[in-house]
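Student: Pasting in a structure now, in structure tokens, and then I'll have a few things to ask.
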Amino acid sequence: NFVHAVTAIRNLVEILVGVGDDHGAAVLGAVATRSDLRASFGTESVRLSEVLGDLIRRVGTQRYERWAAEGAELEIDQAVALAAELVDRHF
């Protein structure tokens, strides 16, 4: 289900930051915040914004933008495959 896939990607961003995978979080964060997707709202939106803001401050704007550019190239099915790979790698 497309909606559940996007929600899972959004929620995984915070988890990846928590385990120290800033690159994976940035890539999936870019997918999760694409302008062509329905925006998240409420608590999820606030958390995602805060996590990505903290990530950008920590890794720097240039590095984040390079990593986010990778995510901007992914279709949702590719992002789901990457998310599964990252989960397998870390958990």
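The values are calculated or read from the model by the stated rules, or taken from the named source; none is laboratory data. This is a predicted model, so every value here is computed, not measured. Cβ placement follows ideal geometry from the backbone for every residue including glycine, while neighbour counts extend to all protein chains displayed. SASA here: full protein model, heavy atoms, side chains in, ligands and nucleic acids out. Shrake-Rupley method; radii C 1.70, N 1.55, O 1.52, S 1.80 Å.
Student: How much of the accessible area of the chain, probe 1.4 Å, is carbon plus sulfur, in whole percent?
Tutor: That fraction is 53 percent.
Student: Let me ask another. Where is the GNM fluctuation largest for the chain (alpha-carbon springs, 10 angstrom cutoff): A72, A30, A81?
Tutor: A81
Student: Moving to a separate point now. Can you give me the span-like helices of the chain, meaning DSSP H runs with 20 Å or more of Cα extent along the axis and Kyte-Doolittle mean at or above 0.5?
Tutor: 2-18
Student: Then there's this: Write down the accessible area per residue of the chain in Å², having rolled a 1.4 Å probe over the full set of protein chains.
Tutor: Normalised by residue count, the accessible surface of the chain is 60 Å².
Student: Can you show me the helix-derived [θ] at 222 nm for the chain, built from DSSP H runs with n ≥ 4 at -39,500 (n - 2.57) apiece and divided by the number of residues, rounded to the nearest 500.
Tutor: -26000 deg cm²/dmol
Student: May I ask you to list the GluC sites (Glu not before Pro) in the range 20-91 that are in a DSSP loop and have at most 14 other Cβ atoms within 10 Å of their Cβ?
Tutor: E73, E75
Student: I need the trypsin sites (Lys or Arg not before Pro) found in the chain, filtered to DSSP loop residues with at most 11 other beta carbons within 10 Å of theirs.
Tutor: R38
Student: May I ask for the equivalent-ellipsoid semi-axes of the chain, computed as the square root of five times each C-alpha gyration tensor eigenvalue and listed largest first in whole Å?
Tutor: 17, 15, 13
Student: Among I9, L82, V46, which residue has its Cα furthest toward the positive end of the charge dipole of the chain, with +1 on Lys/Arg Cβ and -1 on Asp/Glu Cβ?
Tutor: Among I9, L82, V46, the one farthest towards the positive end of the dipole of the chain is V46.
Student: I've got another one for you. Starting from the Cα of D54, step 7 Å along the direction of its Cβ; do the same at F91; then give the gap between the two resulting points in nm.
Tutor: 1.8 nm
Student: Residues of the range 1-28 with backbone nitrogen within less than 14 Å of a virtual label 7 Å along the Cα-to-Cβ line of A72, please, listed as ranges.
Tutor: So the set is 27-28.
Student: For the range 37-77, what is the per residue volume of the convex hull drawn over the alpha-carbon atoms, in cubic angstrom?
Tutor: Cα-based convex hull of the range 37-77, divided per residue, equals 76 Å³.
Student: Which length gain, in nm to one decimal place, applies between R38 and R63 when the Cα-Cα distance is subtracted from 0.36 nm times their residue separation?
Tutor: 6.4 nm
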